[in-house]
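Input: a single structure, listed below in structure tokens.
The values are calculated or read from the model by the stated rules, or taken from the named source; none is laboratory data. Since we're looking at a predicted model, the values are computed, not measured. Please note: Cβ atoms are built from the backbone with ideal geometry, for glycine as well, and neighbour counts cover all protein chains shown. Side chains are part of the model used for accessible areas, which takes the heavy atoms of the whole protein and leaves out ligands, DNA and RNA. Shrake-Rupley method; radii C 1.70, N 1.55, O 1.52, S 1.80 Å.
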Amino acid sequence: MPKDVITPRATDYNQWYLDIVREADLAEPAEVVRGCIVVKATGWGIWEMMQRELDQRIKATGHANVQFPLLIPRSFIMKEAEHVEGFAPEVAEVTRAGGEDLSDPYVIRPTSETIIGYFYSRWIRSYRDLPLLYNQWCNVMRWEMRTRPFLRTSEFWWQEGHTAHATEAEAEAETLKILHEVYADFVEQIMAVPVIRGLKTEKEKFPGALRSYCIEAMMQDGRALQAGTSHNLGQNFARAFDITYTDQNNTVQHCWTTSWGVSTRLIGALIMTHSDDEGLVLPPRLAPTQVVIVPIYKNPEERTRVLETIERITGDWQGRLRFKVDDRDNLTPGFKFNEWELKGVPVRLEVGPKDVEKNSVAVARRDVPGREGKSFVPQAGLTERLVALLDEMQTGLFRRALTFREQRSATVRSYDELKQQVEQGFAWAYWDGSADDERRIQEETRATIRCIPLEQPETPGVCVYTGRETMRQVVFARAY
RNA sequence: CGGGGCGUGGCUCAGCCUGGUAGAGCACCGCGUUUGGGACGCGGGGGUCGUGGGUUCAAAUCCCUCCGCCCCGACCA
């Protein structure tokens, strides 16, 4: 009998999400620290896989890792006008240390453009120093009013890339390269989450940026989640922090800078894209453990025989499959089946006395939950079969998510249609409105423009709000 | 910041209305039997009832203070 530990999605999507986080043992509320979470081993293991894949891509595109201080002089935050307005309300400050009040208080970094800008201004002298391509993995803090595990917490973990370039074109190329080659590639290929790549509107862009690009994903309730952002900061921060270089003509110029980040929020995206009422579902290429093996036996003799068989069939797995043998002796197989299902391990193998005799194993695939996803297969050729199965599951998860998004997306031609469509998913619409129009729509529908997709239609259409003809199409949705 | 809810073994909660020796389920420990979809029996350990004050012969229970957490809305990766 399964225990009712997870609220079905259809009953309460929000509660389902919280149940998954708890039951899959990803994280728990920190309780004693407002708005923060403790990321537990299963959750952090997933983040480490994300870090590994992202870090490879960040380095492959020419960046190196560095580490800046956690604390930033408060005065730094005040230097870029839009940036102050955007972040001042949500920074935590350190006003006292070493038993004394600080004459110049610090803020705990909400993001590091300012302190990095300060150092870049000292490091960059010549065009020969450019481009400067750095990234840092760290935690940041933003005093959020309402928090949810992974999606929005006061402290979160992320990477923030910060680069400086000689020209606007180079900065723009960098911003887009990160969006495509690092973020979209990782999220789609490894997380199996389809994304829309686009540009943020003025209202939604990063405080202090010239332009913000983003990737947007659709969750199972039809709402949008921003999965990553890449900002072309123009010369705004370079002016605020005097980041200048001398060019080939001996003229002093301001640099063009970029910043870009993805965070542990991706874990939230992962959950809300693939998981089901039985628990977490991990795409094979991201799963820290791809195959878990549950031995089944009634007595010590059987145990020995079964474990020997497992030893033999996993003999050529090193380097091909990430696996784990669950030989805990105090738990029944049934308990383990459910536990690994909750934790989202893509494939479970069961090896018992019958399999030892028949040279078979039971294979259960997580993307088809319960007994339906279970079949008995021969031990011969198992490794190849599993590698192929994982591959098939990876592709299948992506396709399933993409199909879902398409079913929940529609092009709308009137404001009434838009209102209806955002109730259930993405509304594609021609748009020629202002930031104020955007605000009014948000008030009335709770939906915002998620992005102006990079791929635009070739024929003009009529703006869904103003009625004016325009070439520009945008995506409206309610967002997390 | 507004609105609501809750603080009692590790967890979920009952007990409070109507004051009188602190309970249950789960988890944990020991032993035995079990083990192919969340095992069972027997035994056992563990709680200054969020904090401070008040009322009372007597407070988890009644009154007040403070603190914390969770949930729902407007802002945000």
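Listed values, structure above:
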| quantity | calculated |
| --- | --- |
| Conditions (1) near RNA strand B (Cβ under 9 Å from one of its atoms); (2) surrounded by 16 or more Cβ atoms within 10 Å (Cβ to Cβ): number failed by A:G344 | (1) |
| Check on A:R399, within 22 Å of the chain's Cα centre (by Cα) and under 30 Å from A:A362 (Cβ atoms) | yes |
| Given (1) within 28 Å of A:M145 (Cα to Cα); (2) within 27 Å of the chain's Cα centre (by Cα), index of the condition A:E444 fails | (2) |
| Boolean, A:E350 is buried (at least 18 other Cβ atoms within 10 Å of the Cβ), within 22 Å of A:L280 (Cβ to Cβ) and more than 30 Å from the chain's Cα centre (by Cα) | yes |
| Some residue of the range A:270-285 being open to solvent by 50 Å² or more (accessible area, probe 1.4 Å), more than 14 Å from RNA strand B (Cβ to nearest atom) and modelled with pLDDT of 95 or more | yes |
| Which listed residue, of A:R128, A:R109, is of a type in the set (K, R) and more than 16 Å from RNA strand B (Cβ to nearest atom) | A:R128 |
| Pick from the range A:197-221, criterion open to solvent by 10 Å² or more (accessible area, probe 1.4 Å), of a type in the set (A, V, I, L, M, F, W, C) and closer than 24 Å to A:T445 by Cβ, ranking: nearest to RNA strand B (Cβ to nearest atom) | A:F206 |
| Selection count, the range A:359-370, where residues are within 8 Å of RNA strand B (Cβ to nearest atom) and touching a strand residue (DSSP E or B) at 6+ places or on another chain (Cβ under 8 Å) | 5 |
| Helices (runs of 4 or more DSSP H) enclosed by the range A:1-101 - at least 3 residues per element that are open to solvent by less than 80 Å² (accessible area, probe 1.4 Å), closer than 27 Å to A:P284 by Cα and within 14 Å of RNA strand B (Cβ to nearest atom) | A:13-23, A:41-60 |
| Verdict on A:E311 being open to solvent by 10 Å² or more (accessible area, probe 1.4 Å), of a type outside the set (V, I, T), in a helix (DSSP H, G or I) and more than 10 Å from RNA strand B (Cβ to nearest atom) | yes |
| Matching option when the condition is in a loop (DSSP other than H, G, I, E, B) and not small (G, A, S), among A:L331, A:L349 | A:L331 |
| Failed criterion for A:Y297 (all others in (1) more than 8 Å from RNA strand B (Cβ to nearest atom); (2) of a type in the set (S, T, Y); (3) part of a loop (DSSP other than H, G, I, E, B) hold) | (1) |
| Residue within the range A:222-232 that is open to solvent by 10 Å² or more (accessible area, probe 1.4 Å) and free of Cβ contacts under 8 Å to residues at least 24 places away in the same chain present | no |
| Residue pairs meeting the criteria (Cβ under 8 Å; at least 6 apart or on separate chains; first among the hydroxyl-bearing types (S, T, Y), in the range A:337-361; second open to solvent by less than 30 Å² (accessible area, probe 1.4 Å)) | A:S360/A:V377; A:S360/A:Q379 |
